[in-house]
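Below is one structure, written out as structure tokens; the observations come after it.
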Amino acid sequence: MTGKSASNYHCWRRQFLAIRTREVLSRSLLTRCFVVPFIRLTVRALLVICVLPSNLALTGIAQTAPASDAGKISLSIDASKPGPKIDRNIFGQFAEHLGLGVYEGIWVGPDSRIPNTRGMRNDVVAALKALKVPNVRWPGGCFADEYHWRKGIGPQRAVTLNPNWGGVTEPNTFGTHEYMDFLDQIGAEAYLSINVGSGTPQEAAEWLEYLTTTQPTTLGKERAANGHPAPYKIPYLGIGNESWDCGGNMTADDYVAQLKIYSRFVRNFNPAQQGKQQMLKIAVGPGGNEPRFVEWTEEVMKAWQNHKWSWDMNGLSLHNYTVVNWDNKFASVGFGETEYGQILKNTLEMEGLVSKHSTIMDKYDPQKKIALVVDEWGSWYAPLPGSNPGFLAQQNSMRDAVLAALNLNIFARHADRVRMANIAQMINVLQAMILTDKEKMVLTPSYYVYKMYVPFQDAIFVPVAFNAGTYTHGDISLPRVDAIAAKDASGKLWLELTNLDPNQSVEIQATLTGATGKTAVGETLTAPKVDSVNTFEAPNTVVPKPVSAPVQGGKLTLKLEPKSVTVISIG
Ligand code: AHR
């Protein structure tokens, strides 16, 4: 970031920090319990999640949760009580024109000596295909509110600026057609963010006409002339980005006025996307824990509740990064157990945030028609030494693997409302799946977590009752374990188990009801140290290894390594 935008940005981050600190202090006096009803459970089962904000110890407990001793954790999984579907879209990615995320990370151009298909690097495409990425949010972030799509189509591309991120030029060689081709190559769907900040409703409407019409309009013919006669499918449309700050510093009322106009006039003409298949529109929602965002969610949801036929929305976005100190960010590598604990404690605040905004949404939308879309989340550390600070380049360690699992589990437990999420960001930026350096590529610990979680895409949530125990380091207390379970389309039961304790293994004793099977097989991801990373020179330091355990009389016993993420199926 440069100049004015950078100082504004840091300013709100500072305010954000101050307010957050006050909030945490006041909340620390109380123990608060959130009761999360899982609709569609066959019995009136409630998962009671008690959050102890003073030390952030979190315990997932049902009324019948078995007791656990220090080295053992008992779980009971009732596969006969299916919950909501864990939407595959919660495993979405985010690719902004930022640093080396798009240029070099995805796009090297057709003339590159790096093996590529129509400019997209083959190694990255193959790695992403294995993740079954459901959707990719593009072109930003803050970048989206300054993006003018016409500069990125046709044979001559304008060179513009990227004022938000590193003060570099934007070649526009990766534009609309390249994005759609990339999605095609990895098998993902489009989540397009339109420019509400510096664009106009007409510009956005014309982009959608260009993309989706089958009629011989000038824009339709131009798309065909640029190589794509068939209309594109745009299933998800983001109307603005962080409109309360980098997207135009609007009040909730200002934004609602914009939302109504963009929602009305930015139409999808693809005949295959009418009626039930219609494009889903995602409105700007809250960002982090600031009190003003409670009002934001209230205002947008209230407007929607009273909406007329002429406009609509289907999702409300939520942004929340894991950062302990915005002014002095933690290092992404070369840290110890204290920073490990502090980051995980911070990341668990996602639970309170999702609960808080879901509760507001329930007031205006008890039928849960509007999805909460966590379309920016993940760890945000100090830039790597020697990198352009505006490129947000960071390493990705075993800590990030645990962090990813904890957040995905929070989304899964809120599957009735959280139906989409996008980790920031896919390649080379923030909590990335993949790092590249020219022709070299390495897969991060977060990548492996996403790969291990593939069976949870569109699986049916199954309640897990457990007392998480406590891991303590100095004045930090965290749950010792976390777990979710789900049934896939074939009826197979899958279980995810995270051991947060970086020093002690833990024995899991699980009682399975409503599921048969004699063995549990799967993979576990752990590492020698909390800050272990994969590098271009040593790419296999943090990689999953196979794990198996017998299931006898409906009981499974499995040892979890310290600081590990494990996914197993029962069969
Ligand atoms: O992901 C980086 C930036 O963080 C995005 O551009 C913006 O939306 C958020 O503040």
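The values are calculated or read from the model by the stated rules, or taken from the named source; none is laboratory data. Remember, it's a predicted structure, so these values are computed and weren't measured experimentally. Positions of Cβ are backbone-derived with ideal geometry, glycine not excepted, and every protein chain shown enters the neighbour counts. Keep in mind that these areas ignore ligands, DNA and RNA; they rest on the heavy atoms of the full protein, side chains included. Shrake-Rupley method; radii C 1.70, N 1.55, O 1.52, S 1.80 Å.
Considering only protein heavy atoms and a probe of 1.4 Å, how much of the accessible area of the chain is carbon and sulfur, as a whole percent?
54
Select from Tyr210, Leu100, Tyr321 the residue farthest towards the positive end of the dipole of the chain; place +1 on Cβ of Lys and Arg, -1 on Cβ of Asp and Glu, and compute about the Cα centre.
Tyr210
Please give the contour-minus-distance gain from Glu507 to Lys492: 0.36 nm per residue of separation, less the Cα-Cα distance, rounded to one decimal in nm.
Stretched out fully, the Glu507 to Lys492 stretch lengthens by 3.1 nm.
How big is the stretch 524-571 on each of its three principal axes, counting only the C-alpha atoms and giving the largest first in Å?
46, 18, 10
Want the number for Lys368 to Val159: 0.36 nm per residue separation, take away the alpha-carbon distance, what's left?
Details: separation 209, 0.36 × 209 = 75.24 nm, distance 4.35 nm.
So the extension gain works out to 70.9 nm.
Which order do the peptides 186-196, 145-155, 551-561 take when ranked by the mean count of other beta-carbon atoms within 10 Å per residue, highest first?
186-196, 145-155, 551-561
Output the peptides 235-247, 87-99, 503-515, 163-175 sorted from most to least packed, where packing is the average of other Cβ atoms within 10 Å over each peptide's residues.
Per-residue mean Cβ counts within 10 Å order the peptides as 87-99, 235-247, 163-175, 503-515.
What is the distance in Å between the Cα centroid of the stretch 287-316 and that of the stretch 360-409?
21
Normalised radius of gyration for the chain, please: alpha carbon Rg relative to 2.2 N^0.38 Å, two decimal places.
0.93
Taking only protein heavy atoms into account and a 1.4 Å probe, give the accessible area per residue of the chain in Å².
Accessible area per residue, the chain: 37 Å².
Amide H neighbours of Thr322 under 5 Å, at least 5 residues apart or on other chains, H built in the peptide plane: list them.
Amide H neighbours of Thr322: Gly378, Ser379, Trp380.
Rounded to the nearest 5, what is the percent of antiparallel bridges among the DSSP beta bridges in the chain?
65
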